[in-house]
1. Select from the range 387-426 the residues that are touching a Pro at 6+ places or on another chain (Cβ under 8 Å) and open to solvent by 30 Å² or more (accessible area, probe 1.4 Å) and write down the one among them that is nearest to Met336 (Cα to Cα).
2. Enumerate the strands (runs of 3 or more DSSP E) found wholly within the range 22-108, keeping only those where 1 or more residues are open to solvent by 60 Å² or more (accessible area, probe 1.4 Å) and free of Cβ contacts under 8 Å to residues at least 60 places away in the same chain.
3. Determine which single condition Arg152 fails, assuming it passes every other condition in (1) within 18 Å of the chain's Cα centre (by Cα); (2) among the basic types (Lys, Arg); (3) at pLDDT 95 or above.
4. Tally up the residues in the range 244-270 that are over 17 Å from the mean Cα position of the chain (by Cα) and open to solvent by less than 40 Å² (accessible area, probe 1.4 Å), please.
5. Check the range 303-317 and report whether any residue there is under 21 Å from Glu153 (Cβ atoms), in contact (Cβ under 8 Å) with a residue 24 or more places away in the chain and buried (at least 24 other Cβ atoms within 10 Å of the Cβ).
6. Check whether at least one residue in the range 243-259 is in contact with a Phe, Trp or Tyr (Cβ under 6 Å, 6 or more places away or on another chain), assigned to a loop (DSSP other than H, G, I, E, B) and either free of Cβ contacts under 8 Å to residues at least 12 places away in the same chain or more than 13 Å from Leu212 (Cα to Cα) (or both), and report yes or no.
7. Would you tally the residues in the range 194-220 being of a type outside the set (Ser, Thr, Tyr) and touching an Asp or Glu at 6+ places or on another chain (Cβ under 6 Å)?
Amino acid sequence: MKIAVIGTGYVGLVTGTCLAETGNEVLCIDIDQEKVNKMQKGEVPIYEPHLDVLFERNIKANRLKFSTKLEEGLEHGDIIFLALPTPEDEDGSADLKYILGVADDIGKLIKDYKVIVDKSTVPVGTSNKVKAAIAKHATVDFDVVSNPEFLREGFAVDDFLKPERIVIGSSSDRATKLMEKLYKPYVRSGNPIIIMDEKSAELTKYASNSFLAAKITFMNEIANFCEKVGADVDKVRIGMGTDSRIGKRFLFPGIGYGGSCFPKDVKALHKSGLDNNYNFKILDAVINVNARQKLVLIPKIENHFDNNLKGKTIAIWGLAFKPETDDIREAPSLYMINQLLAQGCNIVAFDPEAMPNVKRKLGDKITFADNMYDALKDVDALVISTEWSIFRTPNFSKMKDLMASHTIFDGRNLYEVKEVQNEGFKYVSIGR
């Protein structure tokens, strides 16, 4: 099938590349000429495990191409994916200007029947707005479908190629049949393609992310309470997770969630509720608790240094909001770094992938180390903010030799408490 993907951000690039991997002819469109030039040369603009292999293979096979011209994409594709940004507006709502702007252009340019697919995460009712924007100028038939993505950063390629489910919101039999044909190769193992109306599909994505964010936030609250009463959150987590009604996933406490999805989507659903005279009180709590949780280690650090952090040197392991990505959007590390810098700390940071992005944001406000151990030279404490696998089994003897003070503040509970204490460290974690 011939596919066009409008927008080559995280979702668009993974979508286009993985669709090409099953034999489709994909043309990706982006307005950034420099970015398009690099992709045409085989340069992947984001870090995502395994994406580079598929990207290179499909470019060489001539199944994956790039352009800056929207009209080329519309001429090429029978199905047009809109994978455009929906940034958080000042009031917490999702800003639809990019999607509706392109929809307006599509209406002026399409010459024959197209299926327009909302791949971006959008509020309930967006498909109607896209349909209206296209219809203002269109002189041919078209359909608008909602097809939310459920890609986890760090696992996006596997999630696309082997999805747990595919959700298609469509009121058109013609469009539905085309979408089922497109996705059939990805569900050969029997995982479902779920057909529903467009509004239900749009809400499914927001509801899913908001529920997971609430689950994470609840465990963070339990962890904080564990510290008050002397319980161990790891034992509580295991006791809860073996209940099949609850499940084991998303029960790991820490320093809050970040990234491009959960913070934005929770706020957008909350704002959509208010716009429709409904107050999601539980989401209000999730937003407020998560904001506090990102800084939950700061009072512990202040207490350790008798509320005098000026001149202290702190190492940070992990800058990305989660492992296996270079994404720093809403990363707890940045919130902590800003707090520590404001109190006069010197920061030395290491992350396997995210340092270039942080450097563009912070410049020379902090120092970047070449590796995890170089970050520890003569530091007064180590703060762990991202659970990269390389941090899980460090050489504690080497760490002791490098650090001026043997203190670890672990925001991801990577180690057993007694094990680290037996190595001669003061070890402060979450809920234990």
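The values are calculated or read from the model by the stated rules, or taken from the named source; none is laboratory data. Please read these numbers as outputs of a predicted model, since none were measured by experiment. Cβ: placed from backbone, ideal geometry, glycine included. Neighbour counts: every protein chain shown. These area figures cover heavy atoms from the full protein model, side chains too; ligands, DNA and RNA do not enter into them. Shrake-Rupley method; radii C 1.70, N 1.55, O 1.52, S 1.80 Å.
1. My answer is Glu387.
2. The qualifying strands (runs of 3 or more DSSP E) are 25-29, 64-67.
3. Against the list (1) within 18 Å of the chain's Cα centre (by Cα); (2) among the basic types (Lys, Arg); (3) at pLDDT 95 or above, Arg152 comes up short only on (3).
4. 4
5. Within the range 303-317, one or more residues are under 21 Å from Glu153 (Cβ atoms), in contact (Cβ under 8 Å) with a residue 24 or more places away in the chain and buried (at least 24 other Cβ atoms within 10 Å of the Cβ).
6. Yes.
7. 1
Here is a yes/no grid of residues against (1) over 25 Å from the mean Cα position of the chain (by Cα); (2) at pLDDT 95 or above; (3) closer than 25 Å to Pro45 by Cβ; (4) not in a strand (DSSP E or B):
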residue	(1), (2), (3), (4)
Val379	yes, yes, no, yes
Val383	no, yes, no, no
Thr393	yes, yes, no, yes
Ile408	yes, yes, no, no
